[in-house]
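The values are calculated or read from the model by the stated rules, or taken from the named source; none is laboratory data. Quick caveat: nothing in here was measured; it's all calculated off a predicted structure. Here Cβ is always computed from backbone atoms with ideal geometry, including for glycine, and neighbour counts include all displayed protein chains. We work out accessible area using only protein heavy atoms, side chains counted, and drop any ligands, DNA or RNA first. Shrake-Rupley method; radii C 1.70, N 1.55, O 1.52, S 1.80 Å.
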Amino acid sequence: MSAEQLKAIAMTLWVVENRIAMKRSQGVGSISGTNRRIIIRIDTDGGPSGFGEAAPWSVFSGTTEAGVAALARYYWPVLKGREIADIPKIMNACDRAAVGHPEAKAAVEMALYDIVGKASGLPLYQLLGGKVKDRIPFSFSLANPDLEADLALATRMYDEGSRIFKIKTGFVDTHAEDVRRVARIRDYLPDDTDLRIDYNQGLSPFGAIKNLREMEAFRLTFIEQPVKAHLWELLAELTAALDTPVLADESVFSPASAADAVRRRIARAFSIKIMKAGGFAHGRAIATIAEQAGIPCYGGTLFEGAIALNAAAHLIVSCENISLGCEFYMPRYVMSPDECEAGVDIRDGHVYPPSGPGLGLEIDEDVLGRTAIETLHL
């Protein structure tokens, strides 16, 4: 049966809970112990099934509970019985059914693309227009409050080929302590290491320019979201005052906010996450808007697993302007390997998207069954 004829007949939803190997601290909050994600499988009448993932974070974009409710109560009724190849129509209908919930919408969209790719024999990046690059520079975020443990991990990763590290700042008590942490990492790692810092909105507006000028001494590639997302005037001032580019993350969720951010010159780079954007279509739109303004983009992450991260890798290799690397490290370096339903291909400091049909992944449903704390069959 061709992709155009396939209809959605069932959806299974797993809420999985994964152990994480280390505490991860950021300006807006910390996570430790375990992390919850939502995995969906959409089944078709006589064709392949497709997988998607939603990874909300309560202090960033939404909650797992709200994502489950949106998928089960609002989006599955839209999907049921629909021809799955009509992806834009389905996503527009999801937008009308319930506003918000970008992670849930991203999960639906990637599952539909996974089905179409499998049915047509094409990898997802071909469905998104084809590859403009074969691999993506890999970045790891140093976010462990135990700095010595992070340095040991960074050394191992450097030996494996990684050259990009993003230091989480803004979660410690003082600016002086942040400076000491960044200085220690800069002195510890080899000179060819590409360092960035990310405040996740954690820098106080008072004295922000002075404090960030101190940080510029560490030869940073960018400074990500230093202050609260709504402080656009201050972000514009920081962007104009600093030599180091400011990158906007929490301030840019949608194509509309990206267009406004370009107009108001709040940053010189954007972070694109399909979780916050709501999927491929909006993520690509943000990249295109940024490209027209000469603003490069970065492939950010929340706490996704292999399904969402490989989906994002397909998007990035099809977008010239998402050129600052990606931080798709959770399944390989933070989650327990025996609790991962699939992996991410990280080699020689780069991420490679799968080349098989659809997402190109073999999903281990036994792992989903073991790690699920809730399973719904719709």
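Points worth noting:
- Scope the stretch 156-181; condition at pLDDT 95 or above and hydroxyl-bearing (Ser, Thr, Tyr); matching residues: 158, 162
- Positions within the stretch 145-180 being buried (at least 16 other Cβ atoms within 10 Å of the Cβ) and more than 21 Å from residue 215 (Cβ to Cβ), in sequence order: 153, 157, 158, 162
- Residue within the stretch 256-274 that is in contact (Cβ under 8 Å) with a residue 60 or more places away in the chain and either crowded, with 24+ Cβ neighbours inside 10 Å or within 29 Å of residue 236 (Cα to Cα) (or both) present: yes
- Hits in the stretch 313-336 (condition: open to solvent by 10 Å² or more (accessible area, probe 1.4 Å), modelled with pLDDT of 95 or more and under 21 Å from residue 162 (Cα atoms)): 323, 324
- Qualifying residue in the stretch 184-193 (condition: closer than 29 Å to residue 257 by Cβ and open to solvent by 10 Å² or more (accessible area, probe 1.4 Å)): no
- Against the criterion of being charged (D, E, K, R) and either in a loop (DSSP other than H, G, I, E, B) or over 30 Å from residue 284 (Cα atoms) (or both), residue 196 does not qualify.
- When we screen 244, 239 for residues that are more than 19 Å from residue 142 (Cα to Cα), in a loop (DSSP other than H, G, I, E, B), polar (S, T, N, Q) and open to solvent by less than 40 Å² (accessible area, probe 1.4 Å), the only hit is 244.
- Residue within the stretch 218-225 that is at positive phi and loosely packed, with under 15 Cβ neighbours inside 10 Å present: yes
- Test: residue in the stretch 104-127 that is touching a Ser or Thr at 6+ places or on another chain (Cβ under 9 Å), open to solvent by 60 Å² or more (accessible area, probe 1.4 Å), in contact (Cβ under 8 Å) with a residue 60 or more places away in the chain and in a loop (DSSP other than H, G, I, E, B): no
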